[in-house]
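Scroll down for the structure; my scribbles are underneath it.
The values are calculated or read from the model by the stated rules, or taken from the named source; none is laboratory data. Bear in mind the structure is a predicted one, so any value in this text is a computation, not a measurement. Don't worry about glycine lacking a Cβ; one is built from the backbone with ideal geometry, like all the others, and counts go over all protein chains shown.
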Amino acid sequence: ADRKRMTMKETRESLPIFPFRESLLAAIKEHQVLIIEGETGSGKTTQIPQYLYEDGFTADGKKIACTQPRRVAAMSVAARVAEETSTKLGNEVGYSIRFEDCTSERTVLKYMTDGMLLREFLGEPDMASYCVLIIDEAHERTLHTDILFGLVKDIARFRPDLKLLISSATLDAEKFSKFFDDAPIFRIPGRRFPVDIYYTKAPEADYIDACVVCVLQIHTTQPRGDILVFLTGQEEIESCEQLLLDKTRQLGSKIKELIITPIYANLPADLQAKIFVPTPPNARKVVLATNIAETSLTIDGIVFVIDPGFNKQKSYNARTGMEALVVSPISKASANQRAGRAGRVSPGKCFRLYTAWAYKHELEDNPVPEIQRTNLGNVVLMLKSLGINDLINFDFMDPPPHETLVLALEQLYALGALNHLGELTTLGRRMAEFPADPMMSKMLLASEKYKCSEDILTIACMLSANNAIFFRPKDKAVHADTARQAFFHKDGDHLTLLNVYNQYKDIPTHSQQQWCRENFIQSRSMGRAHDVRDQLQQLMERVEIQIISSAGDTVAIRKAITAGYFYHAAKLSKGGSYKTVKHQQSVLIHPNSCLFEQNPRWVLYHELVLTTKEYMRQTIEIESAWLTEVAPHYYKAKELDDNSGKKMPKG
Ligand code: ADP
Ligand code: MG
């Protein structure tokens, strides 16, 4: 154990931040607010909280919070710091992410998502239990981080004992400094080896295939060094993993071993940890990662980076209020961060799967802050419950577009969360209790009225599994489709999900995994849905909603869903295509939906996904009369004029 501690100590002392330990602590003592800028991997996230702890900041029992934009980062970094301090995760070092609290009375170093710290303001507006707040990965400019900026700046004024650290991996330090009344900047010089950049000569038709080819080329022609591939999400990562497995199997013993390790938000913690296992001498590791590996997580040993140039982003149309996840080109700043990941341990190479021309002319310089491209309903609700009524004059680093704010207020009014003076209603106050989208919160609360809270609770958890319930291996696609169809419910996908969960929960625990395998269902996602359900049930009980079953009344269930998601109504138009009711946008039912071939006249969708087409994902059939019933301020019977009531034929 002693030797291990030595090694850990040496590792910690080899980080670029270590020589600055004393001067950093001195600067923190001298200034209330400090901006910290340092290259990814220099040790900001794992070391700074430990330095403060070792220096006695938490001696009086007050905590240090360190926010992360991503849940995986919060979990993984907390696990690392627990290991470095030889403590059990959840004791002195813990983490808190939505629906998962791994902290205890003893916790003094608390890693958490920025959204969770924001929620903590609701219970403790002066943050009295904290001595230091670290807003980490500030350059990511997530919505929650941006809102935190305004809130922490404000409380720092009346809590002179509170220290505020804003830490960032890129060159936004000046901007942060300016926002925080010219707070000083502490720079940690990085160590970065040169990285050669290669571009493709022509655009790639299929970047997943191109990634596979590139990985194998590196593996067979290049010297030692691990590979990091940036993909946009779980689905892409899984298909890339499958293709690589097939190829390496074909090549067999002709090549050295290739260890494939995925990393994305829904991956369970034990598998996440695999990316950090050092690669054995005769093998090569390839990490298939989402944007999380851009700056939040540093994986040692990466020498090659493959960058297709995309990520998945929320995009928002402030005119129509439509929000969608879109695979979009990254910015130049992101491309350079990604390339930088190849140069941490030695000179590296970055293969960009786009042309040099595209880099120069098609990529924006910087990513657009999330606050400019998202629905603000959730944060407006939260700020209102904090008593911040004048949102127009809130201290935003970059204010959201005016129409986005107005729309959020209108939507909250339509949901019944605000009255006509813009004040929080009793319903709105209850909605704010849920760490969820206002539409989801409203659906949960409406389930009380429609006497189907148990069913809605399950549906909410299954929806939060992020479309990762069904599993469709390429070589067994037909079987998987048949298995999925067996769960189909004629009224729509939400009820299909309810079916899946209800069958799953009746299977004895020891056979659940096998049942999932046989039915092409992802058992991890079910496990997570089950955990989320427990948490959400507690929240429901906190707002005094009795958990009762509708006993199969699918009209009641669908009305409760409609009460939350009524903006997402669409009506059949020509040829199986739909038009959203309010804004006449053309959308289609997703081919995976159980309503795909039925084309009911009126549907409600959970979310929109933009690929080559605009798809509604998770849809149910509704009746137009329900819309005026649940949202009389929003829909007028006239605009829903619907005389035929019959289903239209397709084509
Ligand atoms: P920064 O926040 O400045 O980007 P970090 O504090 O995250 O830097 O990383 C410092 C070092 O800790 C890196 O070498 C990184 O590889 C290592 N590290 C971070 N998390 C883990 C983990 N879960 N397992 C192993 N090493 C880790
Ligand atoms: Mg970090």
(request) Working carefully through the options D172, D154, D136, D126, find the one that is charged (D, E, K, R), within 16 Å of ligand 2 (Cβ to nearest atom) and over 21 Å from the mean Cα position of the chain (by Cα). (result) D172
(message) at pLDDT 95 or above, among the small types (G, A, S) and touching a strand residue (DSSP E or B) at 6+ places or on another chain (Cβ under 6 Å): is that true of S96 in this structure?
(response) yes
(message) Considering only residues that are touching a strand residue (DSSP E or B) at 6+ places or on another chain (Cβ under 8 Å), farther than 18 Å from M116 by Cα and among the β-branched types (V, I, T), which ones fall in region 27-72?
(response) I28, V33, I35, I36, I48, T58
(request) Could you please find all residues in region 264-291 being over 16 Å from I208 (Cα atoms), modelled with pLDDT of 90 or more and within 16 Å of ligand 2 (Cβ to nearest atom)? (result) I275, F276
(request) Can you give me the number of residues within region 38-70 that are more than 10 Å from ligand 1 (Cβ to nearest atom), in contact with a helix residue (DSSP H, G or I) (Cβ under 9 Å, 6 or more places away or on another chain) and at pLDDT below 95? (result) 2
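For region 288-307, give me the residue count where each residue is away from ligand 1 (no atom under 12 Å from the Cβ) and more than 15 Å from G348 (Cα to Cα).
Of the residues in region 288-307, the ones away from ligand 1 (no atom under 12 Å from the Cβ) are 288-291, 303-307.
Still in the running and more than 15 Å from G348 (Cα to Cα): 288-291.
The number of residues fulfilling the criteria is 4.
Criterion first (surrounded by 20 or more Cβ atoms within 10 Å (Cβ to Cβ), within 9 Å of ligand 1 (Cβ to nearest atom) and within 15 Å of I188 (Cβ to Cβ)) does S76 satisfy it?
No, not satisfied.
Which one of these is surrounded by fewer than 21 Cβ atoms within 10 Å (Cβ to Cβ), in a helix (DSSP H, G or I) and either of a type outside the set (G, A, S) or touching a residue at least 60 places away in the same chain (Cβ under 8 Å) (or both): A358, A342?
Working: A342 fails: surrounded by fewer than 21 Cβ atoms within 10 Å (Cβ to Cβ).
Result of the check over A358, A342: A358.
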(message) Which count do you get for residues in region 293-307 that are part of a helix (DSSP H, G or I) and either more than 11 Å from ligand 2 (Cβ to nearest atom) or acidic (D, E) (or both)?
(response) 2
(request) Return only the number of the condition from (1) of a type in the set (V, I, T); (2) within 20 Å of the chain's Cα centre (by Cα); (3) closer than 16 Å to Y130 by Cα that I48 does not satisfy. (result) (2)
(message) Looking only at strands (runs of 3 or more DSSP E) that lie completely in region 565-632, which have at least 2 residues being within 25 Å of the chain's Cα centre (by Cα)?
(response) 586-589, 602-610, 614-621
(request) Run T221 past the list (1) touching an Asp or Glu at 6+ places or on another chain (Cβ under 9 Å); (2) more than 16 Å from ligand 1 (Cβ to nearest atom) and report the number of the one that doesn't hold. (result) (1)
(request) Tell me which residues, restricted to region 513-558, are more than 23 Å from A432 (Cβ to Cβ), crowded, with 18+ Cβ neighbours inside 10 Å and of a type in the set (K, R). (result) R528, R558
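A138: crowded, with 24+ Cβ neighbours inside 10 Å and either under 20 Å from K163 (Cβ atoms) or touching a helix residue (DSSP H, G or I) at 6+ places or on another chain (Cβ under 8 Å) (or both), yes or no?
Working: crowded, with 24+ Cβ neighbours inside 10 Å: yes; either under 20 Å from K163 (Cβ atoms) or touching a helix residue (DSSP H, G or I) at 6+ places or on another chain (Cβ under 8 Å) (or both): yes.
Taking the combined requirement at face value, the residue satisfies it.
Which ones in region 480-520 are on the phi > 0 side of the Ramachandran plot and without any contact (Cβ under 8 Å) to a residue 60 or more places away in the chain? Steps first, please.
Going residue by residue through region 480-520, those that are on the phi > 0 side of the Ramachandran plot are 492, 520.
Across region 480-520, the qualifying residue is only F520.
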(message) Can you find, within region 148-175, the residue that is farthest from E370 (Cα to Cα) among those that are within 16 Å of ligand 1 (Cβ to nearest atom) and of a type outside the set (G, A, S)?
(response) L165
